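See below for the structure under consideration.
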Amino acid sequence: MGYHVRDSVLDQTIRYRRPLIVAVHLGLFALSYALAFALRFDLDIPPAQLEKLLVTLPALVALRAGAFWRFHLYEGLWRYASVRDAVEILKAVSISSAVFSIAALFFVVPGYPRSILVLDWVLCVGLTAGLRIVSRVVLERRQPGGLGLDRKRALIVGAGDVAEALLREINRGALPYTVVGLVTDERLLRG
């Protein structure tokens, strides 16, 4: 009975994955921006600055959402997060920050604190990339033994890129094996 409930929740999560990812990102964009203001003003945001935060927040979130859409960051599964995802996040956050900075500093908001822009950039990259990395680590560490699968001991012959990819899949729980070692005759790949 427990498996059926878990499977149903998993099916619903997968079905609504993209809207969930978009919602999480929108929340992280707003959180990083608010945290940037809070850090800049030692957790005591003056009313004038709070007004600037509230007035500019929708524009920043919209710019970031568009940039993340453009860089296809709402697609794919976080369990496969990679360095490519981190690079795309850097690009999306940098471009949206640059456009927002130009608008905020030169056209829209007089007296806008420039340090907010740097803090927000760092926090946004850290939160969005960090969430993907943590999701991947958690999913890779999850052991399939609790799902009724018997794990068999295995030895991988080879130690190159293909062996590493196989080892990653096994460690992620895609295959019911426990790798006890890798064997290779190439000296450079030993260890």
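Nothing in this text is a laboratory measurement; each read-out follows from the coordinates by a stated rule. These numbers come from a predicted model, not from an experiment. Positions of Cβ are backbone-derived with ideal geometry, glycine not excepted, and every protein chain shown enters the neighbour counts.
Some points to look at:
- Sites residue 102 and residue 168 - FRET efficiency at Förster radius 25 Å, r taken between beta-carbons, to 0.05: 0.05
- Two-site label geometry, residue 30 and residue 115: point separation in nm, points 7 Å out along Cα→Cβ: 2.6
- Put a dot 7 Å past the Cα of residue 186, heading toward its Cβ, do the same for residue 151, and the two dots end up 2.7 nm apart.
- Highest-first arrangement of 178-187, 111-120, where packing means the average Cβ count within 10 Å: 111-120, 178-187
- GluC sites (Glu not before Pro) within segment 23-110, DSSP loop, no more than 16 other Cβ atoms inside 10 Å: 75
- Cα gyration tensor, segment 34-106 - rounded (a/c under 1.5), prolate or oblate: prolate
- Extending 7 Å from the Cα toward the beta-carbon at both residue 43 and residue 90 defines two label points whose distance is 3.2 nm.
- Between segment 20-50 and segment 103-118, the Cα center-to-center distance that results, in Å: 15
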